[in-house]
Amino acid sequence: MKLAFLGFIGILFLTTELSAQTISGKITDEQNQPVEFVNVVLYSLPDSVLITGTVTDEQGEFSFNSNGNSGKEMLLQLSFIGYKTQTVEAKPRQDIVMEADALMLGELVVKGDLPKIRLKNDALVATVQNSVLSKAGTGNDVLKRLPLLTGDNGEFSVFGKGEAKIFINNREMRDASELDNLNSADIKDVEIVSNPGARYDASVKAVIRISTVRKVGDGFSFDLRSSYYQSQNTDLREQLNLNYRKNGWDIFGTVSYSRGAWIQDSKLRQTTYVDTLWTQENTLYITGVDQTLWGITGVNYEISPKHYVGMKYTLSTYPGSEHVSTLNSTVLADGVFYDRWNSVEEKNADNKPSHRLNAYYNGDFGDLKVDFNADFFANKQQSRSIVTETSQEFDDRTVNSENNVNNRLVASKLVLSYPVLGGQFSLGNETPTRTAKMNTAIGKTLFPHRIRPLKNGTTVSLRNIHVPFPSDNLARDCVTKMSVPII
């Protein structure tokens, strides 16, 4: 009995080891020098689902667990600024040589053009200013090229942590359009924080902090950006930025228009095993056009070199959004024809203008740093859908639906920081209030308004202290953290 039990434990241990296979390797350049901060991402086949990811250390080494995907076909994707992206077969151990990308972002790249990346306390910091990344285009384009990050369109995740919350000049990003409106040439640096600590809400898994270049000198300036993308569809992006500075006042404005069109053409075979074997062959074709017009205005004022105050107002309008989808289905029951139907949905969105207002204050009182932000957001969304279904064997029908949503958010955050024991002690308070009202009608049935308070007057208080380790080879970039909630 004991032998059988020990045998079972041995098999279980062996199975666990096999399913938890470690994949490791070393990445060097063409001169056999290790390359640090290379993004190494593991994908499964054939669906190309992201399994996990990491970055190389200063020796060019990487290592991670396959997360139960041992024995399956997998791919490694390697990427870093200044080198060509590579995709190779995943092996338990391999050495890979990165090939320099002589031409990047339309300009010749030399080593001095690459962003400087370093570890600073709890963050990985990438300097964008005066690097090739300053010519990437938008803030979104910059984040797509940084170590530790994966994602796009304003939604980014940090390897091993999950979705990150993004801050621009200590102000929380409330909409992905803020990244698109941010010119990469205006970014000073980006901090990627994988252990946010108690300074942020407990639900925050990772943080991306973007700092912009503070413009100096007085006078008027403007820049105009225009983008045109042509494939099966035409995408446009036009943006005008205005700025006037005088005696500590910084007045700015932005007008931006974007048009995005897309097509989805797919085929799907669905089989359902019940008393009857149902087989459904589907072809789906979707076309969509989305348009957005933004207007931004605001002012910053430098009270003194240690005290800044300002506010920003953003108006977003949506000239039109149209989606048309066509679904054709053939249904078989135990291999015998059952029905053929066609479904066409026409969906139009008539969203009302959304309003965002932010006010902030940053100041130093000796060693005490004060950071205050207040936000207001409100919008109304309305969408209408008409679905026409025709059947070869059964009755046809038309379904009309309408959805109305009203959103509102009011939030404020105050953080006080003071140096303690060579580190930083932070004390803060955050109070967000969010509500949403929804009204939905399907056919002739009207669903009454439902009020959904997402966070109603929740107050989060915190204390956070960061104390560096004594400098040594093992822990020169580490910090120890102690987070104590205030009751």
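The values are calculated or read from the model by the stated rules, or taken from the named source; none is laboratory data. This one's a predicted model, so the numbers in the text were calculated from it and none came from an experiment. All Cβ positions, even for glycine, are placed from backbone atoms using ideal geometry, and neighbour counts span all protein chains on display.
Odds and ends about this structure:
- The residue list V344, V324 contains one member that is surrounded by 14 or more Cβ atoms within 10 Å (Cβ to Cβ), in the same structural domain as Q264 (by TED's automatic domain parsing) and free of Cβ contacts under 8 Å to residues at least 40 places away in the same chain, which is V324.
- Test: residue in the stretch 382-404 that is within 30 Å of G197 (Cβ to Cβ) and either of a type outside the set (F, W, Y) or modelled with pLDDT of 90 or more (or both): no
- Set side by side, the residues Q239, Q232 differ, and just one is loosely packed, with under 13 Cβ neighbours inside 10 Å and not assigned by TED's automatic domain parsing to the domain that holds R174, which is Q232.
- Hits in the stretch 59-79 - residues which are at pLDDT below 90, in a loop (DSSP other than H, G, I, E, B) and not basic (K, R): S66, N67, G68, N69, S70, G71, E73
- Matching option when the condition is among the aliphatic types (A, V, I, L, M), outside the structural domain of V309 (by TED's automatic domain parsing), touching a residue at least 24 places away in the same chain (Cβ under 8 Å) and in a strand (DSSP E or B), among V204, V190, V255: V190
- Some residue of the stretch 103-110 being closer than 15 Å to F80 by Cα and at pLDDT 80 or above: no
- Condition met for R434 (under 19 Å from E322 (Cβ atoms) and surrounded by 15 or more Cβ atoms within 10 Å (Cβ to Cβ)): no
- Hey, G253 more than 23 Å from the chain's Cα centre (by Cα), closer than 30 Å to P432 by Cβ and surrounded by 12 or more Cβ atoms within 10 Å (Cβ to Cβ) or not: yes
- Only listed residue being small (G, A, S), within 30 Å of R259 (Cα to Cα) and either assigned by TED's automatic domain parsing to the domain that holds A441 or outside any strand (DSSP E or B) (or both), chosen from A374, A411, A378: A378
Okay, residues lined up against (1) farther than 30 Å from N373 by Cβ; (2) aromatic (F, W, Y); (3) modelled with pLDDT under 90; (4) in the same structural domain as L368 (by TED's automatic domain parsing):
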{"site": "E302", "(1), (2), (3), (4)": "no, no, yes, yes"}
{"site": "P319", "(1), (2), (3), (4)": "yes, no, yes, yes"}
{"site": "D334", "(1), (2), (3), (4)": "yes, no, no, yes"}
{"site": "R340", "(1), (2), (3), (4)": "yes, no, no, yes"}
{"site": "A349", "(1), (2), (3), (4)": "yes, no, yes, yes"}
{"site": "L357", "(1), (2), (3), (4)": "no, no, no, yes"}
